[in-house]
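Engineer: Here it is: the structure, laid out below.
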C-alpha cells in the first residue's frame with residue numbers, strides 16, 4: 001500500500017487510484033424489469049450509486065454522500081436473465097469531493113459476451129459523523145489511463161460547477 005508522511009496531520013495521506021476499483025455483478029430478475037422485459041432505469045441508477053459509493057468509501061475511508069450524477073444515457077437494452085457488470089473507480093479528488101466513474105456492461109450469460117450499456121459520473125462528498133464535509137485523500141495516478149481520466153474529470157468538474165451556479169441563479 002502507498003503511504004507518504006505528511007507534516008500536517010489534518011491532511012489525509014494520498015491514495016492510489018487503483019485501490020478504489022470496484023466491480024459488482026447483478027443478475028436481472030423479474031422484479032427488476034418493466035413490461036417490455038428490460039431493466040428499469042432506476043434500478044440501474046441504484047446499482048450505479050452503490051458501486052460509486054463503495055469506490056468513494058474505499059478511497060476516502062470516510063462516510064460519503066452522493067452530490068450529483070451526470071447525464072445518464074442507456075446505450076443498449078438490458079434484459080431479464082442477463083448479468084449487469086458495474087465497474088467503478090475514483091477519477092478525481094478536490095478537497096472534500098470526488099468524481100467516480102462507473103461503467104455499466106451487459107453480459108449475456110449463454111455466451112459471456114459483454115457490451116457497454118451505460119456510463120455515469122458521480123460526485124460524492126466525504127463527511128464526518130455530524131454530516132460536515134471533510135478533506136478527501138488526494139488521488140495518486142500511476143498510469144496514462146488514470147492520468148487521462150483525472151484530466152477529463154477536472155474539466156467535467158468545471159462544467160458541473162458552472163451548471164450548478166446557473167441553476168442557483170434561476171431559483
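Let's see how each residue does on (1) out of contact with any helix residue (DSSP H, G or I) (no Cβ under 6 Å at 6 or more places or on another chain); (2) closer than 30 Å to residue 167 by Cβ; (3) surrounded by fewer than 16 Cβ atoms within 10 Å (Cβ to Cβ):
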position	(1), (2), (3)
25	yes, no, yes
32	no, no, no
79	yes, no, yes
99	no, yes, no
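Engineer: Residues that are in contact with a strand residue (DSSP E or B) (Cβ under 8 Å, 6 or more places away or on another chain), without any contact (Cβ under 8 Å) to a residue 12 or more places away in the chain and closer than 18 Å to residue 19 by Cα: does the stretch 87-95 have at least one?
Structural biologist: Looking through the stretch 87-95, none of the residues is in contact with a strand residue (DSSP E or B) (Cβ under 8 Å, 6 or more places away or on another chain), without any contact (Cβ under 8 Å) to a residue 12 or more places away in the chain and closer than 18 Å to residue 19 by Cα.
Engineer: Within the stretch 40-60, which residues are in contact with a strand residue (DSSP E or B) (Cβ under 9 Å, 6 or more places away or on another chain) and loosely packed, with under 14 Cβ neighbours inside 10 Å?
Structural biologist: Listed by number, the list holds a single entry, 41.
Engineer: Before we move on, is residue 11 surrounded by fewer than 16 Cβ atoms within 10 Å (Cβ to Cβ), out of contact with any strand residue (DSSP E or B) (no Cβ under 9 Å at 6 or more places or on another chain) and either closer than 18 Å to residue 153 by Cβ or in contact (Cβ under 8 Å) with a residue 60 or more places away in the chain (or both)?
Structural biologist: yes
No value in this document is a laboratory result; all are computed from the given coordinates. Computed from a predicted structure; not experimentally measured. Backbone-built Cβ (ideal geometry, glycine too); neighbour counts: all protein chains shown.
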